[in-house]
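Colleague: Shown below is the structure under consideration.
Laboratory data are not the source of any read-out in this text; all were calculated from the coordinates shown. Keep in mind that what you see is a predicted model, and the values were worked out from it rather than measured. Ideal geometry is used to build each Cβ from the backbone, glycine not excepted, and the neighbour counts take in all protein chains shown.
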């Protein structure tokens, strides 16, 4: 089986990255991780990826003050240099500019902790609880210029339980994220 080389972009611990690492280790999975890249050199996920034998790179956004496009050009060069064909954002906490989004149009996926189009952006679990939702979940979508507005590929749902806190709800949603992201990427890559 020919595997599609992907990059996983992280900013922190990379728990969704770990789910992708495990999926990519399967011989029948259609992707392999060519690069784990972070905007944060202190991201714990870089060490996790390194221990898994993956190529890692940090391109610190703080070295590009007031030059988001310059930062993204450096990222793009690294991705192309690593032979990447598809990007998976996995807790990458930077809003991308049209430059990188256009370079990877239709080839960049993101996972978001809500049932989009509900609750784009941050604090999704607290917002769902405040709104009195009875269901919540996560979404894998293609990245476009708008924040969390791209075409939805797959979603997973969890019930909102009586007495839920944002933390408890987040824990149940995260379990679904770890299942959903590898499944959605596999479906995306399988004709």
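Colleague: What is the range 81-176 by shape, rounded, prolate or oblate, if you read a ≥ b ≥ c off the alpha carbon gyration tensor as root eigenvalues and call it rounded for a/c under 1.5, prolate for a/b larger than b/c, and oblate otherwise?
Modeller: Prolate.
Colleague: Apply the Debye scattering formula to the range 135-189, with a single equal point scatterer on each alpha-carbon and no solvent, then give log10 I(q)/I(0) at q = 0.14, 0.16, 0.25, 0.27 Å⁻¹.
Modeller: -0.42, -0.53, -0.96, -1.03
Colleague: Rounded to the nearest 500, what is the chain's calculated 222 nm mean residue ellipticity when only DSSP H runs of at least 4 contribute -39500 (n - 2.57) each, over all residues?
Modeller: -11000 deg cm²/dmol, from helical runs alone.
Colleague: Same structure again: Per the Kirkwood formula on distinct C-alpha pairs, the Rh of the range 1-107 is how many angstrom?
Modeller: This gives a value of 13.9 Å.
Colleague: Express in nm, to one decimal, how much length is gained between residue 118 and residue 42 on full extension, taking 0.36 nm for each residue of separation and deducting their alpha carbon distance.
Modeller: So the extension gain works out to 24.2 nm.
Colleague: If R0 is 45 Å, what FRET efficiency do you get for residue 55 and residue 134 from their C-beta distance, rounded to 0.05?
Modeller: Values: r = 43 Å, r/R0 = 0.96.
Rounded to the nearest 0.05, the efficiency is 0.55.
Colleague: I need 108, 1 ordered by Cβ neighbour count within 10 Å, fewest first.
Modeller: 1, 108
Colleague: Then there is this: Need one word for the chain: rounded, prolate or oblate. Basis is the Cα gyration tensor (sqrt eigenvalues a ≥ b ≥ c); a/c below 1.5 gives rounded, then a/b vs b/c decides.
Modeller: Prolate is the answer for the chain, as a/c is 1.5 or above and a/b outweighs b/c.
Colleague: From the Cα gyration tensor of the range 92-147, with a ≥ b ≥ c the square roots of its eigenvalues, which class applies: rounded if a/c is under 1.5, or else prolate if a/b is larger than b/c, or else oblate?
Modeller: On the way: a/c = 3.32, a/b = 2.34, b/c = 1.42.
The shape class here is prolate.
Colleague: Taking 35 Å as R0, compute the FRET efficiency from the Cβ-Cβ separation of residue 183 and residue 63 and round it to 0.05.
Modeller: 0.45
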